[in-house]
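Novice: Sharing a structure, written as structure tokens. Questions coming.
The values are calculated or read from the model by the stated rules, or taken from the named source; none is laboratory data. The structure presented is a predicted model; accordingly, all values stated were derived computationally and were not measured. Please note: Cβ atoms are built from the backbone with ideal geometry, for glycine as well, and neighbour counts cover all protein chains shown.
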Amino acid sequence: MKPTALFSLYDISNAVQYAQELVDLGWQILASQETVDLLNTQKLPCINIADYSGVSAAYGFPPTLHPRVEYALTQEDINDRIDLVYVIPYPLSIGNDVGGRTLLALAAKGRRLPVMTQADMQRVLAELKSGEQVSEALCQELIEKTNAEIASHFLNLVHQTNLGNYAGVVGRYHYNLANGENPYQQATLFDLRGDDVLALTQLENLSETPPCFTNLADTDSVIHTLCLASDAFRLRFGKQPYLCVSAKHGNPCGMAVSWESKADVIERALFGNPLAVWGGELAVNFDIDETLAETLIRHPQREKLYGSAAWMLDVVIAPDYTPGASERLLKRKFRKVYRNPDLRTPRLPADSYSYRCVRGGFIRQSPFCRSLRFEELEFVNPENDTREPDPTDIESLILAWSVAYSSFHGGNEIALAKDGCLIGVGGGPSTVQAAQVAVERARQAGHDVHHNIFCADAFFPFTDATQVLIDAGVKMGCVPAGGKNEALVRKQLADAGVFMVYLPEDFRGFCRH
């Protein structure tokens, strides 16, 4: 008996070509009526699935779900078995293609060849031409892909009901990660097949070695900080400046903005906390040339401070690099150098939910991607001061906000910025400790904290943390409204002459919990 392929296609492009190639290889074709009509115009022999099933009645859809078809797809050692199912289901926007997916599921059950994309059909044909049969490895891959696609489809149906009783995600293997700080942990990156151009699976790794779990987790956090800031600048100024984030374990320890100089923004971000950034990560929204690459590798001022000029950055992320820049950065064997041109205009993801695995389950919540929309903010001038905030102070405010709302230095994040540069950030079990740590870190890094601009990711429950910031000479601040002592805190800050920006009460941080 000839091997048999069943065609049931929503997208019939290239169907004639694939059928012809199968016929040339000695296969026979079963097909639904529309495909039969198409193949007959090309004088290609094929069998109508209605004739195969013996169904003469017209039901308005092809009689592919028939006991004979199921038998031919699932039973072994039979003369009229179906060996390949080529089904391209119609999209969910048109309807729920149960029939097409059932054929694929039956093919997977019977360990036939379930093919649902043109690319996979081309792979199958290539193996048939070279070896007369498809390898067990490709067969197993197609079966796994079919099961995953069907699971994903029905999960999408569940999510469309919006009842919230069931949830899940299905990822596709992307690559295995290297062993990182914990060699006993084996990690794999999976792709959720969304349309996010800044997904980690869309990053091009220019390095010879794959990243470890820590590299990717930190990269994800740094890109998020960059996107928050870029989004806020576009909303406030209608354009975005040069931005640079330096971080350690994904937590920003330096960040800077400049409308004119790439070199300046990199240098100021690195010297936000030149001690902490050693061995860290750095992301920018502009291309890196040889001169900028050299700044990322070493700086004479750092040698004066710590006896070593090298920054030892483990991860560098940019839209692109000149050949000389990438060659220079890659001389450090274990440095991960990532490229994605869409980083020139970083955008927040449009995910409906975020997920966190917990023991025995997972937590689903709406993602923390709220934009800093200035029309939602309450601007409160000090008494008898009617001036608008200086644009430079707004720039510093955006930096402090994007850091406080994307980092995890221990909780209750407070970030300090000045003159378009992050100078300190801290967290802690309590808000007052977070303020103390932020101020102390700024001073340890050699920054003048007077006239700094702060942002906190949660309201102040008491006046102790605000007093720390006032004593440090804070000029302007940003904090969510709320708390039983809000009136007292507001009065304290007003009496101290601090220009305040109050976020909506529901606009709090704690994003990395």
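Novice: Can you tell me how many residues within the range 66-89 are in a loop (DSSP other than H, G, I, E, B) and at pLDDT 90 or above? Please lay out each step first, then the result.
Specialist: In the first step, residues of the range 66-89 are kept if they are in a loop (DSSP other than H, G, I, E, B); the result is 66, 75-83, 89.
Among the residues that remain, those that are also at pLDDT 90 or above are: 66, 75, 81-83, 89.
Residues flagged as in a loop (DSSP other than H, G, I, E, B) and at pLDDT 90 or above within the range 66-89 amount to 6.
Novice: From the list Thr225, Thr209, pick out the single residue that is part of a helix (DSSP H, G or I) and either crowded, with 16+ Cβ neighbours inside 10 Å or more than 17 Å from the chain's Cα centre (by Cα) (or both). Spell out the reasoning first.
Specialist: Working: Thr209 fails: part of a helix (DSSP H, G or I).
Step by step, each of Thr225, Thr209 is checked, and only Thr225 is part of a helix (DSSP H, G or I) and either crowded, with 16+ Cβ neighbours inside 10 Å or more than 17 Å from the chain's Cα centre (by Cα) (or both).
Novice: Working only within the range 16-46, note down all residues that are assigned to a helix (DSSP H, G or I) and touching a residue at least 60 places away in the same chain (Cβ under 8 Å).
Specialist: Taking the range 16-46 as the starting set, the residues that turn out to be assigned to a helix (DSSP H, G or I) are 16-24, 33-41.
Tyr18, Glu21, Leu22, listed by residue number.
Novice: Let me ask something else about it. Conditions: (1) touching a strand residue (DSSP E or B) at 6+ places or on another chain (Cβ under 6 Å); (2) not assigned by TED's automatic domain parsing to the domain that holds Ile266; (3) not in a loop (DSSP other than H, G, I, E, B). Ile317 meets all but one. Number of the miss?
Specialist: (2)
Novice: Hey, can you tell me all the residues within the range 250-279 that are touching a His at 6+ places or on another chain (Cβ under 9 Å), free of Cβ contacts under 8 Å to residues at least 40 places away in the same chain and under 16 Å from Leu329 (Cβ atoms)?
Specialist: Passing the criteria: none in range.
Novice: Please indicate, with yes or no, whether at least one residue in the range 37-60 is among the aromatic types (Phe, Trp, Tyr) and under 16 Å from Gln17 (Cα atoms).
Specialist: Residues of the range 37-60 that are among the aromatic types (Phe, Trp, Tyr), as a first pass: 52, 59.
From what's left, under 16 Å from Gln17 (Cα atoms): none.
Looking for residues that are among the aromatic types (Phe, Trp, Tyr) and under 16 Å from Gln17 (Cα atoms), one finds none in the range 37-60, hence no.
Novice: If you don't mind, another one. Working only within the range 6-27, note down all residues that are in contact with a strand residue (DSSP E or B) (Cβ under 9 Å, 6 or more places away or on another chain) and either outside the structural domain of Lys129 (by TED's automatic domain parsing) or not small (Gly, Ala, Ser) (or both).
Specialist: Of everything in the range 6-27, those that are in contact with a strand residue (DSSP E or B) (Cβ under 9 Å, 6 or more places away or on another chain) and either outside the structural domain of Lys129 (by TED's automatic domain parsing) or not small (Gly, Ala, Ser) (or both) turn out to be Leu6, Phe7, Leu9, Tyr10, Asp11, Ile12, Tyr18, Leu22, Val23, Trp27.
Novice: Restricting attention to the range 101-130, which residues are closer than 18 Å to Ser13 by Cα and surrounded by fewer than 19 Cβ atoms within 10 Å (Cβ to Cβ)?
Specialist: Of everything in the range 101-130, those that are closer than 18 Å to Ser13 by Cα and surrounded by fewer than 19 Cβ atoms within 10 Å (Cβ to Cβ) turn out to be Thr117, Gln118, Ala119, Asp120, Gln122, Arg123, Leu125.
Novice: Across the range 399-414, what is the number of residues that are under 21 Å from Leu348 (Cα atoms) and either among the hydrophobic types (A, V, I, L, M, F, W, C) or surrounded by fewer than 24 Cβ atoms within 10 Å (Cβ to Cβ) (or both)?
Specialist: Count: 6.
Novice: Does the range 335-354 contain at least one residue that is more than 24 Å from Asn273 (Cβ to Cβ) and free of Cβ contacts under 8 Å to residues at least 12 places away in the same chain? Please lay out each step first, then the result.
Specialist: So in the range 335-354, the residues more than 24 Å from Asn273 (Cβ to Cβ) come out as 339-342, 344-345, 347-354.
Then keep just the ones that are free of Cβ contacts under 8 Å to residues at least 12 places away in the same chain; that gives none.
The answer is no, given that none of the residues of the range 335-354 is more than 24 Å from Asn273 (Cβ to Cβ) and free of Cβ contacts under 8 Å to residues at least 12 places away in the same chain.
Novice: State which residue pairs qualify: first residue in a helix (DSSP H, G or I) and inside the range 298-312, second residue exposed (fewer than 13 other Cβ atoms within 10 Å of the Cβ) in any location, beta carbons under 7 Å apart, and separation of 6 or more residues or different chains.
Specialist: Arg302/Ser308
Novice: Name the single residue, out of those in the range 475-490 being of a type in the set (A, V, I, L, M) and either in contact (Cβ under 8 Å) with a residue 40 or more places away in the chain or under 23 Å from His451 (Cα atoms) (or both), that is surrounded by the most Cβ atoms within 10 Å (Cβ to Cβ).
Specialist: In the first step, residues of the range 475-490 are kept if they are of a type in the set (A, V, I, L, M); the result is 476, 479, 481, 487-489.
Subset that is either in contact (Cβ under 8 Å) with a residue 40 or more places away in the chain or under 23 Å from His451 (Cα atoms) (or both): 476, 479, 481, 488-489.
Working: Met476: 25, Val479: 30, Ala481: 17, Leu488: 14, Val489: 21.
The qualifying residue surrounded by the most Cβ atoms within 10 Å (Cβ to Cβ) is Val479.
Novice: Going residue by residue through the range 98-107, is there one that turns out to be in contact with a strand residue (DSSP E or B) (Cβ under 8 Å, 6 or more places away or on another chain), over 17 Å from Phe154 (Cα atoms), in the same structural domain as Tyr18 (by TED's automatic domain parsing) and not in a helix (DSSP H, G or I)?
Specialist: no
Novice: If you don't mind, there's one more thing I want to ask. Within the range 374-390, is even one residue closer than 28 Å to Glu260 by Cα, of a type outside the set (Asp, Glu) and touching a Lys or Arg at 6+ places or on another chain (Cβ under 8 Å)?
Specialist: Yes: the range 374-390 contains one or more residues that are closer than 28 Å to Glu260 by Cα, of a type outside the set (Asp, Glu) and touching a Lys or Arg at 6+ places or on another chain (Cβ under 8 Å).
Novice: Restricting to the range 56-81, and then to whatever is of a type outside the set (Asp, Glu) and closer than 14 Å to Pro3 by Cβ, can you tell me which residue is surrounded by the fewest Cβ atoms within 10 Å (Cβ to Cβ)? Don't jump to the end; show me each part of the working.
Specialist: Going residue by residue through the range 56-81, those that are of a type outside the set (Asp, Glu) are 56-69, 71-75, 78-79, 81.
Add one more test, that the residue is closer than 14 Å to Pro3 by Cβ, and what stays is 72-73, 78-79, 81.
Working: Ala72: 23, Leu73: 25, Ile78: 11, Asn79: 6, Arg81: 17.
Ranking the qualifying residues of the range 56-81, first place goes to Asn79.
Novice: In the range 45-55, what residues are over 22 Å from Leu113 (Cβ atoms) and surrounded by fewer than 19 Cβ atoms within 10 Å (Cβ to Cβ)?
Specialist: If the condition is that a residue be over 22 Å from Leu113 (Cβ atoms) and surrounded by fewer than 19 Cβ atoms within 10 Å (Cβ to Cβ), then Asp51, Gly54, Val55 are the ones that fit.
Novice: If Thr214 satisfies all but one of (1) outside any helix (DSSP H, G or I); (2) touching a His at 6+ places or on another chain (Cβ under 8 Å), what's the number of the condition it fails?
Specialist: (1)
Novice: Something else now. What do you reckon, is Leu343 within 18 Å of Thr219 (Cα to Cα) and surrounded by 14 or more Cβ atoms within 10 Å (Cβ to Cβ)? Break it down into steps so the answer makes sense when it comes.
Specialist: Working: within 18 Å of Thr219 (Cα to Cα): yes; surrounded by 14 or more Cβ atoms within 10 Å (Cβ to Cβ): yes.
So Leu343 fits the description; yes.
Novice: Assuming Asn96 fulfils every condition listed in (1) at pLDDT 90 or above; (2) over 30 Å from the mean Cα position of the chain (by Cα); (3) surrounded by 12 or more Cβ atoms within 10 Å (Cβ to Cβ) apart from one, which condition is it?
Specialist: (2)
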